[in-house]
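Participant: One structure coming up, written as structure tokens, with questions to follow.
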Amino acid sequence: MKQPTHSKPERGSSHDTETLILQAAEAVFSQKGYFGTTVADIVERAGVSRGAFYLYFKNRNEVFSAILATVVGEMFMLSSSRQSGTPQQRVENANRTYMEMFYRHRAFMRSVIQVATFDTEVAETLNELRGKFINRVREHIERGVESGKCHDVDPDIASFLLVIMVEFTSYSWLSFDWQPKSGDFDFDKVVQEASSIWSRAIYKAPEGDAGSGNET
């Protein structure tokens, strides 16, 4: 799978210095990985001084965590937007939006899962952001179980399993380009299958009106 391409931020644009640094840092992390990236690489890419960098960030780790919060926050916001259609369609639309965003940032997200295994600060940031997705789905399942529109599942366990299914499918397939057979999976088919598994796991009726867990 090809790595994402990043254009160098244009000086004199509407982006402020902090945004320039964040854009440049994601580009460098995506190309060189966490360990191969230095502050010097970032400021060179951004076209700013070291002094400007340290006005906003203490070190490489802090800018890495800031990018993570921005990227995952955008995933959460976009996949949480209100949508029309059946509950199953809303599940699919939310998952599609999430996975499209993940694909766009796949090289950076590959670094995230690697860094989170040894850096407690990054791991805590990732878990906090992941928790937002899980809590949103859990609250939806609780409402569905209470109304009788969802199966009588444990909301805590079900929400955890469903979110992790989509997240780690994205990591394994989109970031690490791994799948259990030769050839390429079709993106639309993966989204549809994951969403079908999700819907069948919680909804009693195919066209029940229990919502998708992506209401704001």
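The values are calculated or read from the model by the stated rules, or taken from the named source; none is laboratory data. None of these values were measured; they are calculated from a predicted model. In this analysis, Cβ positions are derived from the backbone assuming ideal geometry, glycine residues included, and neighbour counts consider all displayed protein chains.
Participant: Just one of (1) at pLDDT 90 or above; (2) of a type in the set (A, V, I, L, M, F, W, C); (3) within 23 Å of residue 127 (Cβ to Cβ); (4) surrounded by fewer than 16 Cβ atoms within 10 Å (Cβ to Cβ) trips up residue 67, so point out which.
Facilitator: Condition not satisfied by residue 67: (4).
Participant: Can you name the number of the only condition in (1) assigned to a helix (DSSP H, G or I); (2) in contact (Cβ under 8 Å) with a residue 40 or more places away in the chain; (3) touching a helix residue (DSSP H, G or I) at 6+ places or on another chain (Cβ under 7 Å) that residue 138 fails?
Facilitator: (2)
Participant: Next question, about the same structure. Looking only at region 170-191, filter to residues that are in contact with a helix residue (DSSP H, G or I) (Cβ under 6 Å, 6 or more places away or on another chain), in contact (Cβ under 8 Å) with a residue 12 or more places away in the chain and closer than 21 Å to residue 111 by Cβ; which one of those is surrounded by the fewest Cβ atoms within 10 Å (Cβ to Cβ)?
Facilitator: The residue in question is 171.
Participant: While we're here: If you check every pair at least six apart or on different chains, which have Cβ atoms under 6 Å apart with a residue in region 120-135 that is farther than 15 Å from residue 102 by Cβ first and a residue that is surrounded by 13 or more Cβ atoms within 10 Å (Cβ to Cβ) and of a type outside the set (Gly, Ala, Ser) second?
Facilitator: Cβ pairs passing all conditions: 122/115; 125/68; 132/76; 134/160; 134/163.
Participant: What helices (runs of 4 or more DSSP H), lying completely within region 33-108, carry at least 3 residues that are over 18 Å from residue 20 (Cβ atoms)?
Facilitator: 60-79, 87-104
Participant: Here is a follow-up. Select from region 124-161 the residues that are small (Gly, Ala, Ser) and surrounded by 15 or more Cβ atoms within 10 Å (Cβ to Cβ) and write down the one among them that is nearest to the chain's Cα centre (by Cα).
Facilitator: The residue in question is 159.
Participant: Going by the structure shown, is residue 144 touching a residue at least 24 places away in the same chain (Cβ under 8 Å) and assigned by TED's automatic domain parsing to the domain that holds residue 198?
Facilitator: Taking the combined requirement at face value, the residue satisfies it.
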